[in-house]
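Every number here is computed from the coordinates shown, using simple stated rules; none is lab data. Values in this document were obtained by computation on a predicted structure and should not be read as measured data. Cβ coordinates were reconstructed from backbone atoms using ideal geometry, including for glycine residues, and neighbour counts include every protein chain displayed.
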Amino acid sequence: MSGSCKAMANGTAVVVGDVSVQPMPAFRSSVLEEGARGGRLVSLFPMEGPDGTLLFAFVAQDAMGTVALFAGALGSERTYPALTAQWPQAQAFERDLWENGGITPEGHPWLKPLCFPSLRSGQTIPADYRYFAAEGEEVHEVAVGPVHAGIIEPGHFRFQCHGEEVLHLEIQLGFQHRGAEGLLRNAPAPRRLTTAESIAGDSVVAHTTAFALVEEALAGAPVPARAHALRAVALELERLANHAGDLGALAGDVGYLPAASFFGRLRGDFLNLTQGLCGNRFGRGLVIPGGVRFDADPGWIDGTLKALTVLRRDMEDTAGLLFGSASVQNRFEGTGILYKDTAELLGVVGPAARASGCGRDVRQDHPAGYYRFAQVPPQMLASGDVYARAMVRWLEIQQSLRFLEDNLPSLPSGFLRVEAGTRQPGRIAVALVEGWRGETVHAAATDASGDLAAYKVTDPSIHNWMGLAMAMRGGAISDFPLCNKSFNLSYAGHDR
Amino acid sequence: MTLPWWNVGAVLPALLLSPLLLGLMGKTKALVAGRKGAPLLQPYRDIIRLMGKGAVYSRTTTWVFRAAPAVSLASILVACMMLPAGPLDAPFAFAGDLVLFAYFLALARFAVIAGALDTGSSFEGMGASREAAFSAFAEPGFFLVLGVLALKQKALSLGPILGGADVITWDGQTPPLVLAAVALFLILLAENSRIPVDDPTTHLELTMIHEVMVLDHSGPDFAFILYGSALKLWLFGAVLVSILLPGGGPAWASMALFLAGMAVVAVLVGLVESIMARLRMARVPQYLSLAGVLAALAALLLMAGGQP
C-alpha cells in the first residue's frame, strides 16, 4: 500500500489533516490502483471547505479488513477525469457528484442524473432525456412505471425487446429522493435520527446502526458491549424477516401459493419479535448514537428462544416445499444470471454478490461491534441465477437463526447507552454494516468547529441496480418481475 | 335442427352457474393456503358491481376496443348454445357444429386480441402476441380431442357426442378416452389462463397473458369479459365432464351428477393452482404440444382399437 491513503478500520474516525491530499490526477490513479488490487469503492463524496473542495474516496480492502481513505483536491473548475471509464463501480457515485455536487467527472461513459428531481444542471427527465434505444425491425420498447400495479415503490423501467427477449433494460429512479444526506448533515439531532431510520424502511436497523457508528466514531464515544450485541440481534432479526419475506415473494411471483403464504406469515412472526424488543416491528427507535434505547429483558429472551425453535421448524418445512418443488426450481434455475465478472466489475454487494460467487460480507471482512466476537462466515453460491439468490437467502436465514440461538442466552451485561457526546472537529469517519440487502455505508466528516461538513449514505441498492439491469440482458421480459424480486432492491435507499 | 323450444333451458345452467366455478376455484385456493378467502358468490357480486359502473375509454382507442367485450361475450354465448348440459340436449345442433363451436371460441379470442391491440399499449400488445401464439399451439390439441369424441360417438354434432340420450360410454375404450380427458384438462388450464400457463391473480403485467389484454376494459365492458371467461371455463369443463361421467339413469340424477362433476373440475383446477408454480413462458408451447400429442395418441388408439 502506498502512503497516499489512510487505512481505517470499520467504525473508526481519523483526523482529516492526517490524510494526505493529492492533486486530482494522482488521486485518480491511486484510487484506480487500489481498485485494481481488488479494492471496492464503498463511498465517494465531496467536502466543501474553506480551502476548496476535497473529494473523499473510501475503498474497502476486504482481504485486510481495512478501508482505505483517499483525498483529492478538486480545483475551482470542479472537473476531473472520471473514474468510471476505467472502474465501472464508480458510475453511480460520479453521477451523484455531477447531479448533487455540481462536479463534472469528464469522460464518464453515461453521465445521466441518478435522481433527476434534484438535478442542478438543468436537464430534466423525461422531458429532454433520450432513453437508450435499440433500433431495428421488430424491436419494441416496453415502459413500466413509475406507478406500478402492486404496492411497491416508484421507479421507471425501459425495456428494449425483441419479441420476449430483453436486449437492454434501463432503470431510471429518483422518484423517492428526499434529500436525506442534507438532512443528516444539517437537521437538529432528533430529526437526524428519524431521517436515518427512514432512508430505507426495510433496513432501519442497518442504517441506524451505520449512522450511530459514524456518530460515535466522530465523538469518540465508548459504546457499551450490550448495546453492540442488541444491535446485532436486531440486525439479524431484520435479516430473518426480510429474507423470509423475499422467499415468499419469489414463490408468489412464480405462482407457487403454499410457500408464498407460509413465508408471508413467518415474516410477520420475525417482525413481531423485533416489536417485542423495541416496540416497533421495523426496529425504529431502537438504535441511537451512544447505544440502544431498549433492553432485552430475560422474559423476551426466553420467549424469543422458544419462538425460534418453532420458527426454525416452520422455516425448514416451508423451505423444503419451495426448494423441493420441481416446477419452482424450473423457474428459478438459469433465470437472470449475473456473472461473477460483471458482479465484480459493478461492485455488487450483499446476497446478490454472494450468489454470484463474490464472497463479500461486512460481518466477516470488516467486523465492527458485536461481530468482532461472533463470527458469521459468508454463504456463497456460484451460479448467479434466481435460484442462487434464493438459496443464499435460505442459507443466511439458517445462519441468522443459529446466531440468535447461540448468542441470545449469553448476551454481555452492562449499560445500554452512554452519552454520545459532541463531535470532535476535523474528523472523518466511516461505518459499514451488513444489512440484509448488503453493505450499508455511512460516512461523515466534521469541519474545524465540529459541525458536519459532509455526510454520505451508500445503500447497497446504489451498487446493485445496475447488476439487475445486466442480469436481465438476453433474458425473457416475462421473467423480469421474478428477477427483480430476487434482487429486491430499495428505491428509497437508492434515491435517499 | 328440429329441437323443441324448451331446450333453450339447456343453456341456463351455464348462464347461471358459471361464475360459481370461479368462486369455487378461489375458495379452494384460499383454503389450501390457510386463508378464509372471498365468499363463493364473489364473482357474481363483481359482475353486478361492474355492470353498475361507467366505462372509461382511452382517446387512442376506436370502436374495435368498445366492440371487443360484446363480440367476445356474444361468441361465447353462441358456443354455449351448441353444448348439451347433462341430460338436456343443446338448443342448437347440426352435423359439423363442433367445428363452428371451436371457431366461435376463436372468434371470441380474436375480438379480445383486436381490442387489446387497439389500445396501442405495449403491455397489451405483448399479451395479445402471447395469446395469439399460444392459442395456435392449443387449437390442434382441442380439435383432436373433439375428433376423438366424434370418432367414438360416430357423430359430428356436439349434442349427440356429449349429451342427450346417447351419452359417451366407455365400453372398452378406456385408454383413448382417458388420454383425451387428460389432454382436454391441460388445454382447459391453458385456455382459461390458469396456472401453470397463466396466473389470473398476479399483479405483474409483464408476466400476464390474458389479464394484460383486458387491463384497459372497465365497467360493463369488463363485466362482459369476466362473465365471458366464466362461461368459457364452463364450456371446457362441460366437455370434460361429459367424457368422464357415465350416462343413463333418470334425468335428475344425471343432471345432479353433471353439476357435481363441474364442481369437481373447479376444485381440481384450484388444487392445481395451489400446488404448482407457473411455467416459464418459453415452456408453454411444450406444455401445449404435450396436450396435442396426448390427443393424437388417443385418436390413434381409438382407430387402432378396431371398435365397430
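Descriptive notes on the structure:
- Considering segment B:83-179 at the alpha-carbon level, its Rg and Dmax are found to be 16.9, 53 Å.
- D_trans [Stokes-Einstein, Kirkwood Rh over alpha-carbon pairs] for segment A:222-418, 10 °C, 1.306 mPa s, µm² s⁻¹: 90 µm²/s
- Between segment A:192-209 and segment A:446-470, the Cα center-to-center distance that results, in Å: 13 Å
- Electrostatic tally near B:Asn192: other residues with Cβ closer than 10 Å to its Cβ, Lys and Arg +1, Asp and Glu -1, net 0.
- For segment B:14-303, the direction-averaged projected area of the alpha-carbon convex hull comes to 14.7 nm².
- The mean of 1/r over all pairs of different alpha-carbon atoms in segment A:172-257, once inverted, gives a Kirkwood hydrodynamic radius of 15.1 Å.
- Along segment A:440-449 the Karplus relation, 6.51 cos²θ - 1.76 cosθ + 1.60 evaluated at θ = phi - 60°, assigns HN-Hα couplings of 10, 10, 10, 9, 8, 9, 9, 8, 5, 9 Hz to successive residues, with x for each Gly and Pro.
- Cα point-scatterer Debye curve for segment A:325-408, base-10 log of I(q)/I(0) at q = 0.25, 0.26 Å⁻¹: -1.13, -1.18
- DSSP H segments from chain A that extend 24 Å or more along their own axis, Cα-based, with Kyte-Doolittle mean of 0.0 or above: A:225-253, A:257-278, A:298-324
- Amide H contacts for B:Leu88 (H built 1.01 Å from N in the peptide plane; partners 5 or more residues away or on another chain; cut-off under 5 Å): B:Gly164.
- For A:Gly11, residues with placed amide H under 5 Å, excluding near neighbours: A:Val430, A:Ala431, A:Leu432
- Within-13-Å neighbourhood charge of B:Glu139 [Cβ basis; K, R +1; D, E -1]: -1
- Axis angle, to the nearest 10 degrees, between helix B:251-275 and the longest C-alpha principal axis of chain B: 50 degrees.
- Remark: mean inter-chain Cβ contacts per residue of B:29-40 equal 2, using a 10 Å Cβ-Cβ cutoff to other protein chain atoms.
- For A:Ile288, the amide hydrogen comes within under 5 Å of the amide hydrogens of A:Arg293, counting only partners 5 or more places away or on other chains and with H modelled in the peptide plane.
- Ordered by the count of other Cβ atoms within 10 Å of each Cβ, fewest first, A:Trp98, B:Trp234, B:Trp63 give B:Trp63, A:Trp98, B:Trp234.
- A simple rule links phi to the HN-Hα coupling: the Karplus curve 6.51 cos²θ - 1.76 cosθ + 1.60 with θ = phi - 60°, which for segment B:129-143 gives 5, 5, 4, 5, 5, 6, 5, 5, 7, 7, 4, x, x, 5, 5 Hz, with x for Gly and Pro.
- Here the peptides B:93-103, A:133-143 are ranked by packing, the mean other Cβ count within 10 Å, and the order with the highest first is B:93-103, A:133-143.
- For segment B:186-263, the alpha carbon positions stretch 49, 28, 14 Å along the principal axes, listed from largest to smallest.
- Whole-Hz ³J(HN,Hα) from phi, Karplus 6.51 cos²θ - 1.76 cosθ + 1.60, for segment B:28-42, glycine and proline x: 4, 4, 5, 5, 5, 7, x, 9, 7, x, 6, x, 4, 8, 3
- For the residues of B:128-137, the average number of beta carbons from a partner chain within 10 Å of their own beta carbon is 1.
- Dmax and Rg, reported as Rg then Dmax, of chain A (C-alpha, Å): 22.0, 70
- Equivalent ellipsoid dimensions for segment B:258-308 as semi-axes, Å, which come from the Cα gyration tensor, largest first: 27, 21, 6
- Computed over the alpha-carbon pairs of segment A:6-118, the distance histogram in 5 Å steps reads 2, 12, 23, 25, 20, 12, 5, 0 percent, short to long.
- Calculated on the Cα set of segment A:92-245, radius of gyration then Dmax: 20.1, 65 Å.
- Dividing the mean sequence gap of close Cα pairs (under 8 Å, 6+ apart) by how many residues segment A:66-222 holds gives a relative contact order of 12 percent.
- Neighbour net charge for A:Ala221 - beta-carbon separation under 9 angstrom, K R +1, D E -1: -3
- FRET E, pair B:Ala136, B:Ala70, Förster distance 25 Å, beta-carbon r, rounded to 0.05: 0.50
- Taking every residue in B:268-274 and counting other chain Cβ atoms within 10 Å of its Cβ, the average works out to 1.
- Gyration tensor verdict on segment B:1-108 (Cα atoms; rounded if a/c is under 1.5, prolate if a/b is larger than b/c, oblate otherwise): oblate
- Electrostatic dipole magnitude of the protein assembly as shown [Cβ: Lys, Arg +1; Asp, Glu -1; Cα centre; debye, to 20]: 1240 debye
- Modelled FRET efficiency - R0 25 Å, A:Arg281 with A:Leu305, Cβ distances, 0.05 increments: 0.80
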